[in-house]
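The next block holds one structure in the form of structure tokens; read it before the comments.
The values are calculated or read from the model by the stated rules, or taken from the named source; none is laboratory data. Everything quoted here is computed from the prediction, not taken from an experiment. Quick reminder, even Gly has a Cβ in these numbers, built from the backbone with ideal geometry, and neighbours come from all protein chains shown. Each accessible area value is taken on the protein alone, full model and side chains, heavy atoms only, with ligands, DNA and RNA left out. Shrake-Rupley method; radii C 1.70, N 1.55, O 1.52, S 1.80 Å.
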Amino acid sequence: MLDWQDIQIFLEVARSQRLTDAARRLGVDHSTLSRRTRRFEQKLNTQLFERSTHGYHLTEAGQQLLAHAEEMARHAFEAGESLADKNRQLSGQIRLGVTEGFGTWVIAPLLSAFCERHPGITLDLLALPRVVNLSRHEADLAITVERPASQGLVISRLCDYRLRLYASPAYLARHGHPSRLAELSHHRLIGYVDDLIFSEQLNYLDPLLDPAVVGTAPHFSIRSTSVTTQHAAALQGRGLPCCPASWPRPVSGSKACSTTR
């Protein structure tokens, strides 16, 4: 018979892929968790993890057990939900993966109200300049800029957003206000590093760089993989970033530059 505690430990190590992270989330000592994991493998007479300096990765046998363990966890959760008092407060831990800018300027300000309503829930917000991998259990939920290709995910379209060029008042005072796309060749842009863009949806400056539209290609003063770095550079008047108009004040104290052909 499988011990439910062993299954819980196995699930957490499989999801975290690092023993230290799993130990912290389970609230146990790192060495204790290592012993429990090895003891579970010995009980099954099967190696479940490949151990390396990069972490714990599931073997083929571990992958087989993972499917059963997740099903067991789901049934255990549903059983608890069906038997629990309806008026009890929600509790537990949720890990939400979001893109860096959306997580910083949209999701984070909303968390205060959420945490006030659900004090028993611990929310891990992964605001990263990359796509969070749900299939590798990096998070429970994710908000992405493009539709995930992985099978077996429940996907819902969240919203549309519009993009605009922004500039600080100091930049506009020095360089003027561009009113046409062709004028961008005389301005400095702020954007992503081309070969490190993690989603094709972020190539939104490409139409502005078309020589047929703007003539001489605009100059990038700063390029970064981090949208918060782009934001900080724009605040210092280093150039024009392209930001979603739906963000609350994408560039604080800035002005939107509406350009036409």
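Structure data summary
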item	result
Accessible area in the full protein assembly, largest first, 1.4 Å probe, for 131, 98, 193	131, 193, 98
Accessible area in square angstrom per residue, the chain, 1.4 angstrom probe	61
Sequence of 12, 78, 200 from largest to smallest accessible area, 1.4 Å probe	200, 78, 12
Accessible carbon and sulfur surface of the chain relative to its total accessible area, %, 1.4 Å	51
For residue 94, distant residues with modelled amide H under 5 Å away	122, 123, 124
Globularity index of segment 56-158, i.e. its alpha-carbon radius of gyration over 2.2 N^0.38 Å	1.25
Prolate/oblate/rounded call for segment 105-145, Cα gyration tensor, a/c under 1.5 rounded	oblate
Model label zone, residue 161; criterion: amide N under 17 Å from point 7 Å along Cα-to-beta-carbon; scope segment 92-123	96-111
Helix-derived mean residue ellipticity, 222 nm - over the chain, DSSP H n ≥ 4, -39500 (n - 2.57), to 500	-10500 deg cm²/dmol
Heavy-atom SASA rank of 171, 192 (probe 1.4 Å, accessible area, largest first)	192, 171
Inter-probe distance in nm under a simple model that places probes 7 Å from Cα toward Cβ, at residue 126 and residue 91	2.6
Gyration tensor verdict on segment 8-110 (Cα atoms; rounded if a/c is under 1.5, prolate if a/b is larger than b/c, oblate otherwise)	oblate
Over segment 11-162, relative contact order from alpha-carbon pairs under 8 Å, at least 6 apart, %	20
Cα gyration tensor, segment 118-195 - rounded (a/c under 1.5), prolate or oblate	prolate
Sorted peptide list for 153-166, 222-235, 133-146, criterion being average Cβ within 10 angstrom, highest first	222-235, 133-146, 153-166
Inter-centroid distance (Cα atoms) of segment 94-171 relative to segment 9-33, Å	25
Over the chain: Kirkwood hydrodynamic radius from C-alpha pairwise inverse distances, Å	21.9
Under-5 Å amide H pairs with residue 142, H placed in peptide plane, nonlocal only	97
Among beta bridges that DSSP assigns inside the chain, antiparallel share in %, nearest 5	35
